[in-house]
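For reference, the structure is listed below as structure tokens.
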Amino acid sequence: MSVPSAMTVPNAKREAVLAILCLVVTLTLYAMLFDRSVHKVYDSFFFPNLTPFYGGLVFLVALGLVLYAALLYNVCLVGNYLRQLRERIPEAAEVETIFDAPAPALTVLIPSYKEERFVIWQTMLSAAVSEYPQKRVVLLIDNPPNPSLEEDRVQLAVTRALPSELQAEFDREAVQYRSAHADYLARVAAGNVNVAEEQARIAALYESAAAWFDAQVRLVAGDTPVPELAFDVRFFVEKILMVPAANHRARAAACRNETLSPERIAHHYAHLAALFNVEFSSFERKRYVNLSHDANKAMNLNSYIQLIGHAWREVETPQGLTLQACAEEDAHFTVPYADYINTIDADSLMTHDYVSRLVYFLERPEHAKVAVAQAPCSSIPGSPVPIERIAGAVIDVQYHTHQGYTYWYASFWVGANAMLRMTALNAIKEVSTEAGRTITVYIQDRTVIEDTESTIDLVQKGWLLYNYPGRMTFSATPADFGSLLIQRRRWANGGLIILPKLLRYAIRAPKNLRLLKELFMRFNYLAMTTLSVAVMYLFAFYSFSPRLSTPLLIYANIPLLFLYARDLKVCGYRYTDVFRVVSLNLMLLPIITAGVLKQLQQIITGRKVPFARTPKVKNRTGAPALYYMMELGMIGYCIYMAATNALDAEWTPVAYAGINLTLLLYAMFRYIGVRNMLQDLAAAWRETRLSLVQKRPFKQLRG
């Protein structure tokens, strides 16, 4: 039986030792750097002509922030590997005991906005074949309900039909397994059970289930051999379809070759009866005028979560269609109660054991205060597109840092997927009235990183969050500069808005070592994106005294670079990809800056920033001309700094500028593409000219 692709590496103890050694070397080099810098700043207090005193203090603060970021990554890696050494992942047979008794009610929610049919179908199917006694899979369609464009009308109709199509498919397949289970229970009641015959029946049923998965493979692949499929489709086929098929065949072989106890026979029948026992449905909040229409994923989820456990009827009013709570006999539909809600984005996939493992974990008595359990998303591997592959590498390394966050009691809810305890959501529920509508909020939507703020809400109420040590969810990575721009700009927006809530929690929480560890980690998550941008611009544009410039600035970060390269290797990438990651991060600097400025805009104006969804389209997403101008501006600035410092024989800044220039040029050619940039700039110029032409007649009339 398969176990999750855990965060296991060949030798976790060796990796932990490497991480600790890098930590020690980093601290040693930074101690030397601070020693030299502090002495120079101290001297400047008495001899201002040597080094400007206040500039020296700014340099020390910036250096401290860089050290903090380096230490945090080291500490996260240490925590990640220590978890591998200390935590035990339950065997599949242990997890599958969840089929032997009534299981908690589970609803899987898939928020979707104008997604392509195949993208949604993949996600819904991966949720449906997750092995769990009974589950509901609900597609939350956020498309405009009455689109004006024919293309949008067709897409909406196709999306609306998908749950019914899947329901029919699963119902057809489920009949034989439910009947077999019922027949077995009748034989048990009649005392007419033959072990050998039962094992043969079970084996045949498992073979039939495997054959169904084989049919889905043929449906997806057609006549194309699986190895020749596009990398993302191949991954779906191999991970989501072929792995369960192989598991079912292994179960069939075990049933033929082993003698099963009556308990194991009953277990297998219950397991088989649950395989296709899925209830599909969809919901469109925008059809109802009394539900929130805010354009963000949080309110799409909130609008449905508030319906859970109640009966509802649709009522026409002068304002439009409304949804009202009612008695069950008067209801148009009822939303069953759920003990757990699993959210997963419509471009993500879950493995067959994802649901059962997380519910099994949450149901353990010692985990009763865990509100959110999740397997942080990994990227879908194998992309031939450079920007998609390296952006995915960053996501895969972040998986390890999130595991480290859990070790230090500082997990954050990562919104692409999560298993949520309903009682915990009710504990942070807020009810308000807006424009005459009652709005229930479980997941905060003040920022575009809604899961992060909800993390602090849960922690304030005494709940815990947990990152499961297994790679069980996978998500698409943007495949072009325009899409990545939208995603990373959104990710950089919101941390400072949430930071005061974290500080209030720190003031009220019991003061102990655990709180100190937690704050050390959480402050980084919320504030360091903004501070890192500030530090990068400071080092790039602020003229520090040459006396503060030393090769130690570069040497002190070599251990971090090595550790990140090693982490990439553990994740299946190459050591040299570390330079490609640095190149990507430099390219993203203007984009991250835009996200930081957006949150500052919200802090100043008090108005929420619109939620910008990451496009999932086949064609390339164009990028605004402003960002290309900023990328070209950074390249020009690096050339200028290299030339001017070379004239002054300041070779450390020359090396720094030269390295940055090389990395930015690599990003321009490999990640952005000169042709793509020229196309987008030409399109922007055409739009500008058209706008000017349209305005000119009005000016003439006024004259």
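Observations on the structure shown:
- Between the helical axis of 12-46 and the longest alpha-carbon principal axis of the chain there is an angle of about 30 degrees.
- Nearest 10 degrees, 0 to 90: helix 150-190 Cα axis against the chain principal axis: 50
- The mean sequence separation of alpha-carbon pairs under 8 Å and at least six residues apart, normalised by the residue count of the chain, gives a relative contact order of 17 percent.
- With every protein chain in place, the stretch 54-205: carbon and sulfur % of accessible area (1.4 Å): 58
- Peptide packing for 500-509, 574-583, 183-192, 128-137 was compared via the average number of neighbouring C-beta atoms within 10 Å per residue; ordered from the highest value, the list is 128-137, 574-583, 500-509, 183-192.
- A DSSP coil position with no more than 12 other Cβ atoms inside 10 Å describes the following trypsin sites (Lys or Arg not before Pro) in the stretch 61-123: ARG88.
- Extension gain, THR97 to GLU116, is 3.2 nm, computed as 0.36 nm per intervening residue step minus the present C-alpha separation.
- Note on ARG574/ARG287: beta-carbon distance plugged into 1/(1 + (r/R0)^6) with R0 of 60 Å gives a FRET efficiency of 0.75.
- With both labels modelled 7 Å from their Cα along Cα-to-Cβ, the ALA69 to TYR637 distance reads 1.4 nm.
- Inter-label distance, ASP648 to LEU681: 3.0 nm, where each label sits 7 Å from its Cα along the C-beta direction.
- Applying the Karplus relation 6.51 cos²θ - 1.76 cosθ + 1.60 with θ = phi - 60° to the stretch 665-679 yields 3J(HN,Hα) values of 5, 4, 4, 4, 7, 8, 9, 8, x, 4, 4, 4, 4, 5, 4 Hz, where x marks Gly and Pro.
- Gain in span if fully extended, ARG86 to SER164, counting 0.36 nm per residue against the direct Cα distance: 23.6 nm
- Contour excess over end-to-end distance, with Cα ends at GLU150 and ILE659 and 0.36 nm allotted per residue: 178.2 nm
- Placing a label point 7 Å from the Cα of ALA506 along the Cα-to-Cβ direction, the residues of the stretch 440-466 with a backbone N closer than 20 Å are 452-465.
- Among 285-292, 309-316, 170-177, the order from most to least packed when residues are scored by Cβ within 10 Å on average: 285-292, 170-177, 309-316
- Taking a Cβ cut-off of under 15 Å around CYS638, the surrounding Lys, Arg, Asp and Glu residues balance to a net charge of -2, with basic ones at +1 and acidic ones at -1.
- Per-residue ellipticity at 222 nm computed for the chain from its helices equals -19500 deg cm²/dmol, with DSSP H segments shorter than 4 residues left out and the rest contributing -39,500 (n - 2.57).
- Formal net charge of residues neighbouring LEU515 (Cβ-Cβ distance under 12 Å; K, R +1; D, E -1): +4
- Backbone amide hydrogens, once placed in the peptide plane, bring SER282 within less than 5 Å of LEU139, excluding anything fewer than 5 places away on its chain.
- Beta-bridge orientation, the chain: approximately 55 percent antiparallel, per DSSP, counting only bridges with both partners inside.
- Against the main long axis of the alpha-carbon atoms of the chain, helix 195-221 sits at an angle near 50°.
- Surface per residue (accessible, 1.4 Å probe) for the chain, Å²: 45
- Per-residue ³J(HN,Hα) for the stretch 264-280, Karplus 6.51 cos²θ - 1.76 cosθ + 1.60, θ = phi - 60°, Hz, x for Gly and Pro: 5, 4, 4, 4, 5, 4, 5, 4, 5, 5, 8, 4, 10, 8, 10, 10, 9
The values are calculated or read from the model by the stated rules, or taken from the named source; none is laboratory data. From a predicted model like this one, the values you see are computed outputs, not experimental measurements. For neighbour counting, all protein chains shown are included, and Cβ atoms are generated from backbone atoms with ideal geometry for every residue, glycine included. Protein only, heavy atoms only, side chains kept; ligands, DNA and RNA dropped before computing areas. Shrake-Rupley method; radii C 1.70, N 1.55, O 1.52, S 1.80 Å.
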